[in-house]
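The values are calculated or read from the model by the stated rules, or taken from the named source; none is laboratory data. Everything numeric here is computed off the predicted structure, so don't read it as measured data. Virtual Cβ from ideal backbone geometry, glycine too; neighbours counted across all protein chains shown. The accessibility values were calculated without ligands, DNA or RNA, using every heavy atom of the protein model including side chains. Shrake-Rupley method; radii C 1.70, N 1.55, O 1.52, S 1.80 Å.
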Amino acid sequence: DEFARERRLFQPVSEIPELVKHAFISAEDKNFYIHHGFDPVGMAGAAWQAVVSGGTNVRGASTIPQQVVKNILLSSDRNLERKVKELILATRLEQTLSKDKILELYLNEIFLGQNSYGVTAAAQVYFAKSLEELSIAEIAYLAALPKEPSNLHPVRQKAKAIDRRNYVIRQMRENGYITEAEAQAARAEDLVTVQGGGLPSARVAMPPRDRK
């Protein structure tokens with residue numbers, strides 16, 4: 001059996017399916033492979049959106065390297081000092097590690113709700129599957145979670161979770177990672193999870209707790 005406050009299962013980036021990588025890049029940092037730690041275009045777009053909406057539509061502009069250094073090295077405080085440190089460290093991270101290694105850190109450390117950290121653990125927690133077994137819609141749901149994992153529960157906030165999942169699917173289509181037919185089929189798919197009772201938990205494959 002397993003007992004843990006934080007469920008983590010490390011998977012090398014070479015073993016993570018390309019579509020999983022593409023989904024998270026589409027959702028969180030579409031310019032990941034071309035920027036050098038931070039994305040000025042994304043930051044400017046986020047600032048413009050906030051101004052136009054009068055502050056009602058404020059979205060984050062942190063890149064994947066920024067999220068990595070924040071999760072591993074910094075606190076979650078929202079202040080200017082932390083943001084400056086984040087930008088400096090993200091730039092240094094880009095100078096030290098390859099894009100694949102940075103993505104490996106991100107995909108194995110990111111919190112995805114339900115005490116799961118990293119995509120491999122989350123795939124088991126939500127769908128009782130390996131990453132290779134996930135559908136496009138299931139992958140997109142996992143990629144939707146970093147934004148606000150506590151507010152995209154697949155049962156309590158199912159409508160909101162599907163809406164955010166479908167946003168990720170649209171981004172994957174716009175970025176050329178899936179076809180229009182695949183996108184339409186994924187958006188039409190219901191969100192069926194272990195938490196909703198539609199799938200058996202991965203724990204059913206474990207031996208009984210009283211087994212000698």
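Take the conditions without any contact (Cβ under 8 Å) to a residue 24 or more places away in the chain and either closer than 21 Å to V194 by Cβ or under 17 Å from the mean Cα position of the chain (by Cα) (or both) and apply them to A122. Does it pass? Criteria met by A122.
Tallying residues that are touching a residue at least 24 places away in the same chain (Cβ under 8 Å) and either part of a loop (DSSP other than H, G, I, E, B) or out of contact with any Lys or Arg (no Cβ under 8 Å at 6 or more places or on another chain) (or both) within segment 73-91 yields 3.
Quick one: would you say S150 is without any contact (Cβ under 8 Å) to a residue 24 or more places away in the chain and of a type in the set (G, A, S)? Answer is no for this residue. Checked against (1) assigned to a loop (DSSP other than H, G, I, E, B); (2) among the polar types (S, T, N, Q); (3) farther than 15 Å from F32 by Cβ, S62 passes all but a single condition, namely (3). Please work out which residue is most open to solvent (accessible area, probe 1.4 Å), limiting yourself to segment 67-126 and to residues that are basic (K, R) and modelled with pLDDT under 95. Result: R78.
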